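The values are calculated or read from the model by the stated rules, or taken from the named source; none is laboratory data. Because the structure is predicted, anything quoted here is derived from the model rather than measured. Methodologically, a virtual Cβ is constructed for each residue, glycine included, from the backbone with ideal geometry; neighbour enumeration extends over all protein chains shown.
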Amino acid sequence: MGKEKSRDVTASVEALEEVEDERGTWGNQCEFFLSCLGYAVGFGNVWRFPYLAYKNGGAAFLIPYVTMLLCAGLPLFFMELALGQYASLGPNILFPKIAPIFGGLGWGMVVVSALVAIYYNIILAWTLFYTFASFTSELPWSHCDNDFNSHLCYTDDQAMACRNESLYYYNKTCVDVDEYCGLGSLSVFNETTCVNSTDHPFPADGALEKMTASEDYFRYDAYFDWNRMLGVTGTSWENMGEMRWELVGCLALAWLIVFACMVKGVKSSGKVVYFTALFPYVVLIILFGRGITLPGAYEGIRFYFLEPDWSRLMTIEVWNDAATQIFYSLGSSFGGLITLASYNKFKNNCMR
C-alpha cells in the first residue's frame with residue numbers, strides 16, 4: 001500500500017514537471033514578482049486612483065480603500081495566485097476543471113481581458129503619439145498660436161498678458177471687456193463683470209467657455225474633433241469621420257511592442273518586466289518632483305492630505321468606488337493573475 005502511494009506521488013511529480021517543461025516557467029521569482037507588480041501598477045492606479053481620491057474626500061478615501069483591500073482585495077489576489085500555480089492552467093481551462101458550471105467564468109475573464117487590452121492600447125497609442133510630438137523645440141500644446149488651435153484655446157501666460165492691459169484673451173488676441181461680454185450675449189457691468197438679460201452678474205473671466213492649450217491640442221490631434229478637423233456637422237454611426245493615419249501608425253506600433261514582449265512567452269516577457277515594471281516608478285518620481293514645484297502644488301497637497309472630507313465616509317458611493325478600485329489596482333478577476341501564477345514552479349512560495 002505504501003509503495004503504491006509512493007509511486008502515485010512520484011508519477012504526479014513527474015507529470016507536473018512535464019507540464020512545467022512544456023509550458024515554460026519564470027526564470028526566477030523576481031520575474032514573477034515584477035510581472036505582478038507591472039500588471040497591478042497601470043492606468044488603474046496612476047490615472048484612476050488620484051481621480052477617485054479627489055472625488056471622495058482626499059485622504060479620507062484611504063480608509064475605505066484599505067478596508068476593502070484587506071477584506072476583499074488581498075484574499076482574492078492570493079486565491080487567484082494559488083489556483084494558477086497549483087493547476088498550471090489559464091482561467092479558461094482551470095475553472096471547467098474545478099466545476100463544469102464555472103466554464104463561463106473562465107471565458108468571461110478572457111473576454112474582459114481582451115476588451116481591456118484593446119482600449120488600453122488606444123491609450124498607449126496616444127502616449128506614443130505625444131512622445132513623437134514632443135521631439136520639437138517648442139511643444140505644440142504649450143501655446144495657442146498654432147494654426148489648428150480653436151477660438152476657445154487659452155494659456156495662463158497669454159491670459160495674464162492681456163489682463164495686465166485690462167483686456168481679456170480670446171481667439172488668439174486681446175479684446176476689451178465690451179467685446180468679451182458681447183461674445184457671450186452678455187452686457188458689461190464693470191471692467192471685471194458681465195450681466196445677462198435679467199441683470200444677473202457673472203465674473204467676466206467665466207463669461208465664455210475656455211479650453212487650455214493642452215486640452216485643445218488633445219481634442220484636435222488625438223480625440224478626433226471632426227467639427228474643426230474635417231468640417232462636418234457632427235458624427236454618428238452613419239458618419240464616423242475619416243482615419244487619422246498618424247494614430248493608426250501609433251496603434252500598430254503599440255501592438256507591435258506587445259508582440260515583441262510576448263513573442264517567446266514568459267521567457268521574453270520575464271526579461272522585459274525588469275524595465276516595464278520599474279521604469280514607471282522612475283517617471284512617477286520625476287513627475288512628482290516637477291509637480292510639487294508648479295504653482296498651486298501646495299493647494300493640491302492641502303486638499304489631498306491636510307483637509308480630508310471625513311463626511312464622505314458616510315456615503316455608500318465612496319465605499320462602492322473603493323471596492324471597485326481594488327479590482328483595478330490589483331488586477332483581480334481579469335484572469336491575468338491566474339495566468340501569471342500558472343508559470344510558477346509548483347513548489348514556489350507565492351504568498352511570499
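For this structure, a couple of remarks:
- Matching residues, the stretch 1-46, being of a type in the set (D, E, K, R) and at pLDDT below 80: K3, E4, K5, R7, D8, E14, E17, E18, E20, D21, E22, R23
- Within the stretch 157-187, the set of residues being farther than 19 Å from D147 by Cα, of a type in the set (A, V, I, L, M) and crowded, with 17+ Cβ neighbours inside 10 Å comprises L167, V177, L186.
- Helices (runs of 4 or more DSSP H) lying entirely in the stretch 119-222 (those with 1 or more residues that are among the aromatic types (F, W, Y), out of contact with any Ser or Thr (no Cβ under 9 Å at 6 or more places or on another chain) and more than 22 Å from G249 (Cα to Cα)): 177-183
- Considering residues of the stretch 293-304 that are assigned to a helix (DSSP H, G or I) and of a type in the set (S, T, Y) only, the residue surrounded by the fewest Cβ atoms within 10 Å (Cβ to Cβ): Y298
- Conditions (1) at pLDDT 85 or above; (2) among the aliphatic types (A, V, I, L, M); (3) surrounded by 15 or more Cβ atoms within 10 Å (Cβ to Cβ); number of the one not met by A207: (1)
- One residue from G300, G289, G296 being modelled with pLDDT of 90 or more, more than 22 Å from G108 (Cα to Cα) and of a type outside the set (S, T, N, Q): G289
- Criterion: in contact with a helix residue (DSSP H, G or I) (Cβ under 6 Å, 6 or more places away or on another chain) and either of a type in the set (A, V, I, L, M, F, W, C) or in the same structural domain as T67 (by TED's automatic domain parsing) (or both) - qualifying residue of F334, F275: F334
- Answer residue from the stretch 96-135, given it is of a type in the set (G, A, S) and within 19 Å of the chain's Cα centre (by Cα) and is farthest from M262 (Cα to Cα) among those: A125
- With respect to the stated conditions, F77 is modelled with pLDDT of 90 or more, under 28 Å from T25 (Cα atoms) and buried (at least 19 other Cβ atoms within 10 Å of the Cβ).
- Condition met for G108 (touching a Ser or Thr at 6+ places or on another chain (Cβ under 6 Å), surrounded by 14 or more Cβ atoms within 10 Å (Cβ to Cβ) and in a helix (DSSP H, G or I)): no
- Against the conditions (1) within 20 Å of the chain's Cα centre (by Cα); (2) over 19 Å from F129 (Cα atoms), L251 satisfies every one except (2).
- Selection count where residues are within 28 Å of A117 (Cα to Cα) and part of a helix (DSSP H, G or I), scope the stretch 305-352: 20
- Within the stretch 139-184, the set of residues being over 39 Å from the mean Cα position of the chain (by Cα) and at positive phi comprises just one member, S166.
- I286 falls short on exactly one of the conditions (1) within 15 Å of F49 (Cβ to Cβ); (2) surrounded by fewer than 21 Cβ atoms within 10 Å (Cβ to Cβ), and that condition is (1).
- Residues satisfying the stated conditions in the stretch 191-204, i.e. closer than 29 Å to H143 by Cα and surrounded by fewer than 16 Cβ atoms within 10 Å (Cβ to Cβ): E191, T192, P203
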